[in-house]
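I have placed the structure first, in the form of C-alpha cells, so that the comments after it can refer back to it.
The values are calculated or read from the model by the stated rules, or taken from the named source; none is laboratory data. Remember, it's a predicted structure, so these values are computed and weren't measured experimentally. A quick note on method: Cβ atoms are made from the backbone with ideal geometry, for glycine too, and the neighbour counts reach across all protein chains shown. Side chains are part of the model used for accessible areas, which takes the heavy atoms of the whole protein and leaves out ligands, DNA and RNA. Shrake-Rupley method; radii C 1.70, N 1.55, O 1.52, S 1.80 Å.
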Amino acid sequence: MSDLPSSKLGRALVEWRTILGADHVVADGPALAAADRACCGRSGGVAAIIFPADEFEACRCLAAAHRNQLPIHTVSLGHNWGYGSRQPPEPPAVVLSLQRLNDIGALNEQNGQVTLQPGVTFGALGAWLRSDKPAWLSPEIGAGPNASVVGNALAGGFGKGPYGWTARRLTNIKFACSDGRIAWLDRLCTSSGGNAARLPHGAVALQGSFQLCKAPALRSFAWALLADGADALAAALELALQHAADHDGSEQSELLNGARLRLQCPGLFPHAGDRTHDAWLLAFNLWAQDESEMAWRQARAQRRLAALPAVMHSMEASVAVADLPPTGHEGLTSAYTLTGRQPPADADPDRDGCGVRWISPLLPRASAAAVTALDALGACAIAHDFAPALAVRLPDGDPVGLLGLFWNRLGTRADVASNDARAAACNAAFRAKAEQLGFTLYRQGPATTAIVPEGL
C-alpha cells in the first residue's frame, strides 16, 4: 500500500489518465503487485505505474509528478534482476515505465552509431541488425534478450564479447528533467566501470546513440580448469589482466569458480567444490576476421593457458559468427538452477520464484589484492549459508568481481521469508565491510557494487 499523500497521488492519477488513457495508468491489481515483486526478495513500494507512449507524454507525466511533488522511479523495462528490478530504491514512489518508447532510429553506417529509445531490447536490436545490417555485431548481456540496451548502459552494466562497459558506448543522450524540460548530455562518465554513469538527479533518458562493433567473421573459445587454491587463482588473474592489456578488443577473459560453475553449468560441473578457491575456470573468447588471424590468437591463448597451474585445458574450433544463433536466456541459468528448472522462453526471475542478489566490486588490478577481495566476498556468502558463487569479468580490461546469491523462492512462505532475510543480511554485511575497508559504492539498489581500494 502506498504511503504517498493520497490527495497528491489522486490528483496526479487524474492527470496521468488524461494524458495516457486509463489503460496505461496502473494503481492497483495484479500488474501493480507484479511490479512490487523482485527476485532479490525485497518488498515493494510501488504506488502506481505509468506507461507513456512517446517523449511528449513522458515529459507531461514528469511535469504532473513535479507539480504534485511525487517521487518518480524510472525504469526502461524493469529487468535489472538481482539489483532491484522495478522496485524504487527509496520507496514509496511512482514507477515511470518507458517500455512503450521502443523505436530504433537511424544507423550511421560510417561510425556504427544507432539511435535507440529506452524500450529497445537487446533481442529487438539484434534481430534488426541480423535482418538488415549484418556488418554490425549484435550486443548481448547475461540478463538475456529482453533487457533494455539504454537501461543497461544507464545502470552501469556491461556487454558480452567486445562490447565492454555499455555506458561508454552511449552518447548524445536526450533526457527530460524532473519538471518535464528537455536537455541533452554528450556522454556518460567514462571512468572505470561507468561508476558515475548517472544523469542529473530526477532526469529521464528518452533516447541515446549506441556505438556498435563491427561483426568479426570467426569466434573461438579456450579455457583452463585451474588447480584449487589461492595461488592458482592469483596466477590466472594476472594472466587475464595481461591478456586484457595487450589485445585490441578481439579477446575477452572471464573466470568462474566451482560454486558458480555448478549453478551455471550443472550438467558439466556437478561435483565442483563449494569453497571460494575450488575449481576456478579461466576462459578466453577469441574473435577474428579470418582463419589466419584466428590461428594466431588460438596459438597465443594455448601458450598462455598451458603455463597456468591447471588440471585441464581445451580449445574449441572456430565457428562463423554469422552461423551463431542469437543468445537466449542461458545467462539466467544460475538464477533458475535451485528452482529445479531451466530458464523458459519468456524467462522472468521475478515471476518464476528465483532468488537472486548480486554483489559486484570493481577489483584492484594487483592480483594478490584482487584475491583478497574475492576472499572477502566468498566469506560473506559462506557466513550466511550461501555458496560462494563467484565470477570475474574484465569489460574493457577492468576486473569486476561478481558474487551471486541464489536461492529458491518457491517454498513455503516461512521458508521464502527466511531465505530472503538471509540474503538481505548478507548484503548488509557486505555494505558494512565496504564501509570498513573504504569501498566506493557506485551501484544503487538492494545489491551493492563497490570499488575495492588498491591497498586492500
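Things worth noting here:
- At full extension, Ala135 and Ala432 could sit 102.2 nm farther apart than now, given 0.36 nm per residue minus the alpha carbon distance.
- FRET efficiency, Ala127 to Val319 (Cβ-Cβ, R0 25 Å, nearest 0.05): 0.80
- Helical segments meeting 27 Å axial Cα length and Kyte-Doolittle -0.5 threshold in the chain (DSSP H): 413-437
- Student exercise, the stretch 1-66 dipole from Lys, Arg, Asp, Glu Cβ charges, in Debye to nearest 20: 200
- Taking label points 7 Å from Cα along the Cα-to-Cβ direction, Ile382 and Asn111 give a separation of 5.0 nm.
- Gained length - Glu291 relative to Asp179, 0.36 nm times residue gap less alpha-carbon distance: 34.8 nm
- Using a probe radius of 1.4 angstrom, the carbon and sulfur fraction of the accessible surface of the chain is 52%.
- Ranked by how many other beta carbons lie within 10 Å on average, peptides 406-419, 383-396, 329-342 from highest: 383-396, 329-342, 406-419
- Taking all protein chains into account, the per residue accessible area for the chain stands at 41 Å² (1.4 Å probe).
- Reachable aspartates and glutamates from Lys8, criterion Cα separation under 19 angstrom, eight or more residues apart if same chain: Asp28, Glu90, Asp179
- Computing FRET efficiency as 1/(1 + (r/R0)^6) for Thr18 and Gln342, where r is the C-beta to C-beta distance and R0 is 35 Å, gives about 0.20.
- Length released on extending from His201 to Arg303, taking residue separation times 0.36 nm less the Cα-Cα span: 31.8 nm
- Amide N of the stretch 318-332 lying under 17 Å from the label point, which is placed 7 angstrom from the Cα of Lys214 along Cα→Cβ: 321-322
- Shape call, the stretch 254-339: gyration tensor on alpha carbons, a/c limit 1.5: oblate
- Sequence-distant lysines (8 or more away, or on other chains) whose Cα lies within less than 26 Å of Lys174: Lys133, Lys160, Lys214
- Using the rule -39500 (n - 2.57) for each DSSP H run of four or more residues, divided by the residues of the chain, the 222 nm mean residue ellipticity is -9500 deg cm²/dmol.
- Where the alpha-carbon atoms of the chain are placed on the principal axes, they occupy 68, 55, 41 Å, in descending order.
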